[in-house]
Structure formats: C-alpha cells, structure tokens
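The values are calculated or read from the model by the stated rules, or taken from the named source; none is laboratory data. Given the structure is predicted, the values throughout are model-derived calculations rather than measurements. So basically every Cβ, Gly included, is an ideal-geometry build from the backbone, and we count neighbours across all protein chains shown. For accessibility, only protein heavy atoms count, side chains too; no ligands or nucleic acids. Shrake-Rupley method; radii C 1.70, N 1.55, O 1.52, S 1.80 Å.
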Amino acid sequence: MTDDKEDDGLDDNTVRVDISTIERARFALKESPNDDSAFIPADIETTMVSGSKPDSRPSVSLPPGMKAQLTVIRGSEKGTVHSLDRPVNTMGRSQGCGILLGDPAASGTHAMVFFSRSREWRVQDLDSTNGTLLNGSRVKEFALRSGDKILIGETLLLFEVSR
C-alpha cells in the first residue's frame, strides 16, 4: 500500500488550520461572557502549529507549591497584592475580571497573566485601547520573569514568582 499524500515538507505533528477557523474562534472568545475562562490566547501569531515553538496556551492547573503575585507599585491602588492562584487571570475595569483595576486608563478587559502549558507565566494584551507595557516596551504577548513590571493604564504592577 502506498501513501498518496503529497510531501509538503511538514512533519506528522504539524496541524493545518484554516485561517477563517482561527478568526471565528477569536471572535467567539471576544464575545464570551466576562469570566476568566473565556479569554484564552487565540492570536494567529501565538497559536501552536508545530512543535518548534513553546506552547503558549494556558495550562489547566498550576504546579503544586507555585506562588506568584502582582503587586501594585504605582497607581491609585498602590500596595495592593493580587495573588495569582489560578492559571488564567484577567485584569481590567470590568467586574468580570479576576484582577479588578480602578484605573480609568485601563480597558474593561485589558490584559491577562496566565501560566502556559510550557510551564512559564506569560502576559497577553487583550486588544486594549492603551496597550500593555512590559518593562517599558509595548507587548502583545510575552513570557514573564520575577521582577518584571507590567503597566496597564496608569497602574504599574510588579510580577513576582517563587516555587
């Protein structure tokens, strides 16, 4: 028996995804109710299509003993500590966000911090009006390290993690 499929240079683990399918998924996620489970990274740029990049999709759970937090170091809520005790943590002015910010310069659902399947914390801007800055640079999605500073509106948050 011969294999009739054409050799396209891709390995057997590569997944082909129609762009319109991704766009429908992105639209559905943005139109979902305001709860943390509805906001899963669905960017074309960050979607895994082969094993060559880290898997930046949110994990379903945190490793035992994982402790991470965001501390407001500038803004009206200075000194507030937000424990990241879930794998997906949305931030913004909306009541549905896990981390509620009383910052008028923040979008309703501005950004999220999540623990990825590649076992790293990441920050992702959720198409906010004013963008999300990580250590002074505007980012769409990026891996976090302890000591990183995230700016959302006028609120500056310090990310810290310990294992």
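Just to be sure before I move on: is residue 80 free of Cβ contacts under 8 Å to residues at least 12 places away in the same chain, touching a strand residue (DSSP E or B) at 6+ places or on another chain (Cβ under 8 Å), buried (at least 16 other Cβ atoms within 10 Å of the Cβ) and more than 22 Å from residue 58 (Cβ to Cβ) in the structure I sent? So residue 80 passes the test.
Go through the residues of the stretch 111-122 one by one and say whether even a single one is in contact (Cβ under 8 Å) with a residue 60 or more places away in the chain, open to solvent by 10 Å² or more (accessible area, probe 1.4 Å) and among the aliphatic types (A, V, I, L, M). Break it down stepwise before answering.
To start, the set of residues in the stretch 111-122 that are in contact (Cβ under 8 Å) with a residue 60 or more places away in the chain comprises 112, 114, 116-120, 122.
Still in the list and also open to solvent by 10 Å² or more (accessible area, probe 1.4 Å): 117-120, 122.
Next, from what is left, pick out any that are among the aliphatic types (A, V, I, L, M): none.
The answer is no; no qualifying residue exists.
Select from the stretch 83-110 the residues that are under 17 Å from residue 151 (Cβ atoms) and charged (D, E, K, R) and write down the one among them that is surrounded by the most Cβ atoms within 10 Å (Cβ to Cβ). The selected residue is 103. Report yes if residue 131 is small (Gly, Ala, Ser) and open to solvent by 10 Å² or more (accessible area, probe 1.4 Å), otherwise no. It is false that residue 131 is small (Gly, Ala, Ser) and open to solvent by 10 Å² or more (accessible area, probe 1.4 Å).
Name every residue in the stretch 148-163 that is part of a loop (DSSP other than H, G, I, E, B) and either open to solvent by 40 Å² or more (accessible area, probe 1.4 Å) or over 17 Å from residue 80 (Cα atoms) (or both), in order of residue number. Write out each step before concluding.
Residues of the stretch 148-163 part of a loop (DSSP other than H, G, I, E, B): 148, 153-154, 163.
If the condition is that a residue be part of a loop (DSSP other than H, G, I, E, B) and either open to solvent by 40 Å² or more (accessible area, probe 1.4 Å) or over 17 Å from residue 80 (Cα atoms) (or both), then 154, 163 are the ones that fit.
Suppose we keep only residues that are small (Gly, Ala, Ser) and more than 20 Å from residue 79 (Cα to Cα) within the stretch 134-147. Which one would you say is least open to solvent (accessible area, probe 1.4 Å)? Among them, the one singled out is 143.
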